[in-house]
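These notes concern the structure reproduced below.
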Amino acid sequence: MSQEVAEFTAPQLLTTHIVDSAAEALEAVQAADVLDLGVRVYNRLVPDSEDAEALEEEWVIEVYTSAPAVDPDSDED
């Protein structure tokens, strides 16, 4: 019996959006879901544009052609 190797095509990044709130990030994720697109969402702290000593949170939404594959056994850094 021959083994067939499934071809895997990595999802292509379509766009990246940066928003100020979790509510806006959720809205973007829901819109991507309606369009059957994959997303990766994370937040990060960046220097505040008005106060050099303060940090502000921003949310990054990466939109892909399909859902990125995730290995459930690997830990993310």
By how many nm would the segment from Val46 to Thr9 grow when fully extended, if each residue of separation counts as 0.36 nm and the alpha-carbon distance is taken off? 10.0 nm
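Report the charge-dipole magnitude of segment 13-64 in Debye, nearest 20, computed about the Cα centre from +1 at each Lys and Arg Cβ and -1 at each Asp and Glu Cβ. Present the calculation step by step, with values, prior to reporting the outcome.
On the way: 2 positive and 13 negative charges, 80 e Å.
Dipole about the Cα centre, nearest 20: 380 debye.
How high is the FRET efficiency from Val60 to Asp36, r the C-beta distance, R0 35 Å, rounded to 0.05?
Numbers: r = 21 Å, r/R0 = 0.60.
The formula returns an efficiency of 0.95 here.
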For segment 13-64, the charge dipole (Cβ of Lys, Arg +1; Cβ of Asp, Glu -1; about the Cα centre) points to a positive end, and the Cα of Ala52, Val34, Ala23 closest to that extreme belongs to Val34
By the scheme Lys and Arg +1, Asp and Glu -1, what is the net charge of all other residues having a beta-carbon under 14 Å from that of Glu27? -3
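Only the coordinates and a few stated rules stand behind these numbers; no lab work does. Owing to the predicted nature of the structure, the values given are computational and were not obtained by experimental measurement. Here the Cβ is made from the backbone with ideal geometry for all residues, glycine too, and neighbour counts use every protein chain on show.
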